[in-house]
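A short reminder: the numbers here are calculations on the coordinates, not readings from a lab. Source: prediction; values computed, not measured. Because the Cβ atoms are built from the backbone with ideal geometry, glycine has one as well, and the counts that use them run over all protein chains shown.
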Amino acid sequence: MSDTIVRFDLPQSAIPTRWYNIQADLPRPLPAVLHPGTHQPVGPSDLAPLFPEALIMQEVSQERFIEIPEEVREIYKLWRPTPLLRARRLEKLLGTPAEIYYKYEGVSPSGSHKLNTAVPQAYYNKMAGIQGLTTETGAGQWGTALSIACGFFGLECIVYMVKVSYQQKPYRRAIIQSFGGKVTASPSDTTETGRRFLAEDPESTGSLGMAISEAVEVAATSGGKYKYALGSVLNHVLMHQTVIGQEALLQLRRAEAYPDVVIGCVGGGSNFAGIALPFVRNNLAHGYKTRIIAVEPAACPTLTRGKYVYDYGDTAGMAPLVKMHTLGATFVPAPFHAGGLRYHGMASVISELYDQGLIEAASVPQLECFGGALQFLRSEGIVPAPEPSHAIAMVIREALKAKEEGQKKVILFNLCGHGHFDMAAYDAFLQGKLSDYEYPQEAIDAAMAKVPQIG
Ligand SMILES: *Cc1c(COP(=O)(O)O)cnc(C)c1O
């Protein structure tokens, strides 16, 4: 391959026509999802107050491929196929014999991969005659994506934004509002659960788990007017993101390369799933031996230090019980952790792949992440969102290991969003105000003690 090519583009006709559903290929099926009250397996009718039928069917589908509606592909054309780039200048800086490729999802209108699922979710709700969607947002990426997607389909968008983000990220709030979304800081006094959280702690800075509880309550009590949308974790959300990895496979073919290592950051697991699952399939079905590494913050070590047990998806215990790697649904992240990826749990699919030994996991401290992000942005000219800086830190570790071992390996990672709305975090890093932080074992033990005992 020519060493001068750094960008591998595809024509619009190469936008995938179907999503890949890993459930068809899992050696062991996913554990059942349980009702939070009865602890019995939930059926489609239990989920009907929250999601339209088409998405419930995708959630439990065992079909390997699901066709992408033409209306959705039409909107994907606004930014897809996204570029695959080779980080030649970063390779040089590190002096590594490794080839480093990255898929760049920051070219989407919302600035991250989240729009890949926001668009189909809005589409299926519109088709079902729903008036609007409720949701939560932490860093603000998901709220932005859903607000854009709802706007495309003429749906209302009601966003519960974790209070600390609402206060610290006024421009994220403003962009969601510019696209027409209604934003409320969570916990709020607009819901019963929000009022309960506030009664317990009037100074609460909120968490994703609390915001989910509020958004779910609004949808569940709306008499069918609103449904709820989640930006990560669920099977159908992870499946929508597989357009990323499918495109990357085609682009790497153009680059005449195949990855020895695929790396992504994990919060709920969706961007990681998006790039990784098509490569997991090649490992499972075609005997490839690619290492697949999920990277999380040391401040929220769900896979590496959490337990694989049934837990609630939200803080109030209204969402179904899912068997997943968890730090406990009452987990509240440290406010001085700047790198995102703060969800207490992990997608069932990712938890199961990890438990079956089909993927690896690692945690990295935040100073290494921001340090790596600066090396990356100064070489490649793109400011990464703080979340994928975790992937970058791991890429740099792997590239330096390749240098030590004199090995020419191919590394692929997902640069799932840009960091233009996250300059406060970079500012804190540049001013030396960030420090490393390991989530304390006592806090994990305390939250895990409240996890329900199932089976
Ligand atoms: C939401 C988000 C994440 C974390 O969510 P996942 O579902 O784990 O991908 C990571 N990076 C960016 C840019 C995000 O917007």
What are the lysines whose alpha-carbon lies under 20 Å from the alpha-carbon of residue 323, with same-chain residues fewer than 8 places away excluded?
-> 307, 450
For the chain, give the magnitude of the charge dipole about the Cα centre (Cβ charges: +1 Lys/Arg, -1 Asp/Glu; no others), in debye to the nearest 20.
-> 960 debye
Those lysines that a straight Cα-Cα span of less than 28 Å connects to residue 408, excepting residues fewer than 8 apart in one chain = 92, 103, 289
Among rounded, prolate and oblate, which fits region 77-168 when a ≥ b ≥ c are the square roots of the eigenvalues of its C-alpha gyration tensor, a/c under 1.5 means rounded, and a/b larger than b/c means prolate?
-> oblate
Using modelled backbone amide H atoms (1.01 Å from N, in-plane), which distant-in-sequence or interchain residues come within less than 5 Å of residue 185's amide H?
-> 161
From the phi of every residue in region 196-211, what ³J(HN,Hα) in whole Hz does the Karplus formula 6.51 cos²θ - 1.76 cosθ + 1.60 yield, where θ is phi - 60° and glycine or proline is x?
-> 5, 4, 5, 5, 5, 8, x, 8, 3, 8, x, 7, 4, x, 5, 5
Between the helical axis of 115-127 and the dominant principal axis of the chain, each derived from Cα atoms, what acute angle in degrees is found, rounded to the nearest 10?
-> 40 degrees
Treat region 268-324 as a sphere of radius equal to its Kirkwood radius over Cα pairs and apply Stokes-Einstein at 20 °C in a medium of 1.002 mPa s; give the translational diffusion coefficient in µm²/s, rounded to a whole number.
-> 158 µm²/s
Two-site FRET efficiency, residue 24 against residue 453, from Cβ-Cβ distance with R₀ of 25 Å, rounded to 0.05 | 0.20
Determine the percent antiparallel among the DSSP beta bridges restricted to the chain, to the nearest 5.
-> 35 percent
Rounded to the nearest 0.05, FRET efficiency between residue 289 and residue 65 (Cβ-Cβ, R0 30 Å) equals 0.80
From the square roots a ≥ b ≥ c of the eigenvalues of the alpha-carbon gyration tensor of region 1-96, which class results: rounded (a/c under 1.5), prolate (a/b over b/c), or oblate?
-> prolate
Just need log10 I(q)/I(0) for the chain at q = 0.07 Å⁻¹, Debye formula, equal scatterers on the alpha-carbon atoms, no solvent, rounded to two decimals.
-> -0.31
Just in region 331-439: which chymotrypsin sites (Phe, Trp or Tyr not before Pro) are loop by DSSP and have at most 12 other Cβ atoms within 10 Å?
-> 336
Which distance in Å, rounded to a whole number, links the C-alpha centroids of region 433-455 and region 227-289?
-> 29 Å
How much length is gained if the chain between residue 356 and residue 177 is pulled fully straight, taking 0.36 nm per residue apart and subtracting their Cα-Cα distance, in nm to one decimal?
-> 60.2 nm
Once phi for every residue in region 230-241 is put through the Karplus expression 6.51 cos²θ - 1.76 cosθ + 1.60 (θ = phi - 60°), the whole-Hz ³J(HN,Hα) values, with Gly and Pro written as x, are 10, x, 7, 6, 6, 4, 5, 5, 4, 4, 4, 6
Stretched fully, the stretch from residue 128 through residue 443 gains (0.36 nm per residue minus C-alpha distance, one decimal, in nm) 109.1 nm
Quick one: grab the alpha carbon gyration tensor of region 284-364, order the square roots of its eigenvalues as a ≥ b ≥ c, and give me rounded if a/c is under 1.5, else prolate or oblate depending on whether a/b is larger than b/c.
-> oblate
Nearest 0.05, what FRET efficiency do residue 168 and residue 196 give at R0 = 30 Å with Cβ-Cβ as r?
-> 0.80
Distance from the Cα centre of region 292-306 to that of region 357-375, in angstrom?
-> 9 Å
Which net charge results when you count Lys and Arg as +1 and Asp and Glu as -1 among the other residues whose beta-carbon is under 15 Å from that of residue 406?
-> -2
Got a sec? Which residues in region 210-253 would a label at residue 5 touch, if it sits 7 Å along Cα→Cβ and we count backbone N under 17 Å?
-> 247-253
Once the piece of chain linking residue 38 and residue 78 is laid out straight, how much longer is it, given 0.36 nm per residue of separation minus the C-alpha distance between them?
-> 10.0 nm
Any cysteines in the chain with zero other Cys Cβ atoms under 4.7 Å from their Cβ? List them, or say none.
-> 265, 300, 369, 416
State the Cα centre-to-centre distance between region 97-114 and region 1-50 in whole Å.
-> 19 Å
Positive end of the charge dipole of region 1-128 (Lys, Arg +1 and Asp, Glu -1 on Cβ, about the Cα centre): tell me which of 17, 87, 118 has its Cα farthest that way.
-> 87
